[in-house]
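S.K.: Sharing a structure here in structure tokens format.
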């Protein structure tokens, strides 16, 4: 560890971060779970991902369409069959 230029504590922190980042990249844990595992705040964890070449967002190709659809009308593909109007009859929540 000392030959890597870091203390045992720094090595342990880096190892926790790398493990959490890999599990996040593989979609085994959420970004919040990975941040907690790495003992970092969520924003700090997400911003640190680029340092090791992992994208901050791990959206899959089809996820972008679902996110845009949700942003446009508040519904995902999976709930489009629901006959519920969350805004109510008068257009207000």
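Read-outs throughout are calculated quantities, based only on the coordinates presented, and are distinct from any laboratory measurement. Everything numeric in this text was worked out from a predicted model, so none of it was measured. Here the Cβ is made from the backbone with ideal geometry for all residues, glycine too, and neighbour counts use every protein chain on show.
S.K.: Return the equivalent ellipsoid semi-axes of the stretch 22-63 as a descending list in whole Å, where each equals the square root of 5 times an eigenvalue of the C-alpha gyration tensor.
M.R.: 17, 12, 8
S.K.: Rounded to whole Å and sorted largest first, list the principal axis extents of the Cα atoms in the stretch 2-78.
M.R.: 54, 20, 18 Å, listed from the longest principal axis down.
S.K.: Ok, one more. Give me the distance in nm between label points sitting 7 Å out from Cα along the Cα-to-Cβ direction at residue 70 and residue 11, one decimal.
M.R.: Inter-label distance under the simple model: 4.1 nm.
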